[in-house]
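Have a look at the structure below before the remarks.
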Amino acid sequence: MYETIQMLHSYLAYAALGILLLAVANALTGLISKRIFDMGKDLRLSLFALILCHIQLLIGLILYFVSPSGLSAIQEFGMGGLTSAARLLAVEHPFINIIAIVLITVGWSRHKKFVEGNKKFKSIAIFYGLGLLLILSRIPWGTWFN
């Protein structure tokens, strides 16, 4: 079961990162070109990125509790006994990604309050962009490509 959840979490990460990157790029181009916020394309792209990121978070939280490198690593070795690679998987990756998903959710919530397209695009670009940067900063690249 652990391997299946880990594989799902890894493969879904590609889709979530891709859609999140598209949503940030779309918001930046919409902001720069002063485009009208399209309730079809722009809204759906941002919403789909939000949904995929939340699904990825839920699968990651399940993985955190069933993985030997998640909570059980902290329980076995304690915080002081973790190597830097183990600390990345057990502490930094989950904590920073939860913050990233919170930022993405704030960006989605804020954009709904605005009427003007440039403010909608700006909210999505800033908060989704910060979330994307945080996610990219804590991906365990060494284990992801093995």
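For the stretch 131-145, the count of residues that are touching a Gly at 6+ places or on another chain (Cβ under 9 Å), assigned to a helix (DSSP H, G or I) and within 26 Å of MET7 (Cβ to Cβ) is at least one. Scanning the stretch 36-62 for residues being within 16 Å of LEU12 (Cα to Cα) and under 15 Å from the mean Cα position of the chain (by Cα) gives a total of 14.
Look at the stretch 109-132: where a residue is free of Cβ contacts under 8 Å to residues at least 60 places away in the same chain and within 14 Å of LEU20 (Cα to Cα), no partner that is assigned to a helix (DSSP H, G or I) and among the acidic types (Asp, Glu) sits 6+ places away or on another chain with Cβ atoms under 9 Å.
Consider the stretch 80-100 and keep the residues that are of a type in the set (S, T, N, Q) and more than 14 Å from the chain's Cα centre (by Cα). The one that is surrounded by the fewest Cβ atoms within 10 Å (Cβ to Cβ) is SER84. Pairing each residue of the stretch 78-90 that is charged (D, E, K, R) with any residue that is not in a helix (DSSP H, G or I), provided the two are 6+ apart or on different chains, yields no C-beta distance under 9 Å.
Cβ-Cβ distances below 6 Å connect the following pairs, each with a first residue in the stretch 8-34 that is closer than 16 Å to ALA125 by Cβ, a second residue that is surrounded by 18 or more Cβ atoms within 10 Å (Cβ to Cβ) and among the hydroxyl-bearing types (Ser, Thr, Tyr), and a separation of six or more residues or different chains: ALA23/SER46; ALA23/TYR128; VAL24/TYR128.
No lab work stands behind these numbers, since they all come straight from the coordinates. Just so it is clear, the model here is predicted, and its values are computed rather than measured. Quick reminder, even Gly has a Cβ in these numbers, built from the backbone with ideal geometry, and neighbours come from all protein chains shown.
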